[in-house]
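The values are calculated or read from the model by the stated rules, or taken from the named source; none is laboratory data. The shown structure was predicted, so the numbers you read here are calculated from the model rather than taken from an experiment. Here the Cβ positions follow ideal geometry from the backbone for every residue, glycine too, while neighbour counts run over all protein chains shown.
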Amino acid sequence: MSLLTYQDARPWAKAIRTALLAGKMPPWQADPHVGKFSNDLSLAPGEKNTLVAWVEGGAVEGDPSDAPKPLAFPEGWRISTPDLVLEMPKEFHVPATGTLDYQYIPVPTHFTEDKWVEAVEVRPGDRGVVHHAIVVVDDGTGAQNQEYLAGYAPGMTPQFWKPGQARLIKAGSTLIFQMHYATNGKAATDRTKIGLIFAKKPATEQIVAMQAAAHWLSIPPGEANYKTSATVIVHEASYLVGMRAHMHLRGKSFQFRAVYPTGETETLLDIPKYDFNWQPYYYLETPKLLPKGTRIEALAVFDNSANNAFNPDPAKTVFWGPQTWDEMMIGWFDLAVPVKPGVRNQDSGPKMKPGSSF
């Protein structure tokens, strides 16, 4: 529903109160006692109390002359107007029923020089059938060198970085759109696109995507607290700028931890109640220095029991797989790596593993 005006919001007053008190809205799953995040959507206790009191007091309008001016939103994009929009070369036809394999659709950039991107947004043509989209950069040197650029999944927001930070797209690269379509009973067409905003000044830090993933998942039937973990070593001193957890419908909780070369352990992000419908990046308010040799640990818990109302089949052993009724466990995270002076297109370090997905 729309919440742009009082007239829009008033019929939903009781539902708003219920969602606020249940912690369902605004959608923010991070434990407030662990880390500070620049894109925190949660309400301060005073703000929540004000809204609840408004509803319980009859949800009156107040004086319209005191209202702030309506917000203006860019047409079609949540980032500002892109410098460049690239889209799938033709529409993809999604049938009304059935299961579709992942689609891998190449979109040439035709870049004749390296490009640094400071903001990026992936927009599906039809959100009703796009389960997720991942866009990776293929520089032509092989699948092992494909690097994550941006993605779309429920609850994700456009990616912005701080001044001086940007992702690198090398000259001549092709963007590969990995599309996961889900049928919904009605035939549809989709033509997903990506909007890029280029850095206006030379980047001082390159944003590099990494992941810790547990491809060996084997969740027993009826298991309410199946635990697994995955780790990755940071081989170059860098700054952690953001993290994102990904599981499917049996996902229960997720943590990111750093184990420093000194042996000290720090929890970086704690999601005690994972929600498949909201999968944002959590951007650190202050980037975290990770010395060379730091181990990033991703720890996940799954609920494959009948008590999980979203569980497709609690009697089934669940393995890693691409469809929503399968499972995944990926801890995505972004690092800021200093750009070496005089180097136009440095090696970006670890790349996204082929076949990775949302």
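If I filter region 239-264 down to residues being farther than 11 Å from Ile296 by Cβ and more than 19 Å from the chain's Cα centre (by Cα), which single residue comes out as surrounded by the fewest Cβ atoms within 10 Å (Cβ to Cβ)? The residue in question is Gly263. Among the residues making up region 121-167, those that are more than 11 Å from the chain's Cα centre (by Cα), under 17 Å from Met210 (Cβ atoms) and at pLDDT 90 or above are Val135, Val136, Val137, Glu147, Tyr148, Leu149, Trp161, Gln165, Ala166, Arg167. Note on region 1-33: among residues that are among the hydrophobic types (A, V, I, L, M, F, W, C) and assigned to a loop (DSSP other than H, G, I, E, B), the one that is farthest from Asp63 (Cα to Cα) is Ala30. The single condition among (1) in a strand (DSSP E or B); (2) surrounded by fewer than 18 Cβ atoms within 10 Å (Cβ to Cβ) that Phe177 does not meet is (2).
For His235, the requirement of being within 30 Å of Phe92 (Cα to Cα) and of a type outside the set (Val, Ile, Thr) is not met. Thr262 meets the conditions (1) assigned to a loop (DSSP other than H, G, I, E, B); (2) touching a residue at least 12 places away in the same chain (Cβ under 8 Å) in every case but one. The failed one is (2).
I'd like the residue in region 196-217 that is outside any strand (DSSP E or B) and modelled with pLDDT of 95 or more and, out of all such residues, is nearest to Ile233 (Cα to Cα).
Ala214
Report, by residue number, each residue of region 223-236 that is part of a loop (DSSP other than H, G, I, E, B) and surrounded by fewer than 14 Cβ atoms within 10 Å (Cβ to Cβ). Asn225, His235 - these are the residues of region 223-236 that are part of a loop (DSSP other than H, G, I, E, B) and surrounded by fewer than 14 Cβ atoms within 10 Å (Cβ to Cβ).
Residues that are surrounded by 10 or more Cβ atoms within 10 Å (Cβ to Cβ) and either in contact with a Leu (Cβ under 8 Å, 6 or more places away or on another chain) or closer than 16 Å to Gln7 by Cβ (or both) within region 63-74 comprise just one, Ala67.
Applying a threshold of 9 Å to beta carbon distances and a minimum spacing of six or more residues, or different chains, the list of pairs starting in region 3-32 at a residue that is under 27 Å from Glu285 (Cβ atoms) and among the basic types (Lys, Arg) and ending at one that is surrounded by 14 or more Cβ atoms within 10 Å (Cβ to Cβ) and at pLDDT below 95 reads Lys24/Asp275. For region 259-275, state whether one or more residues are out of contact with any Ser or Thr (no Cβ under 7 Å at 6 or more places or on another chain), under 17 Å from Pro154 (Cα atoms) and either not assigned by TED's automatic domain parsing to the domain that holds Phe160 or not basic (Lys, Arg) (or both). Yes: one or more hits.
In this structure, Phe276 does not satisfy being at pLDDT 95 or above and either within 28 Å of Gly222 (Cβ to Cβ) or buried (at least 16 other Cβ atoms within 10 Å of the Cβ) (or both). The set of residues in region 96-113 being surrounded by 14 or more Cβ atoms within 10 Å (Cβ to Cβ) and not β-branched (Val, Ile, Thr) consists of Leu100, Tyr102, Gln103, Phe111.
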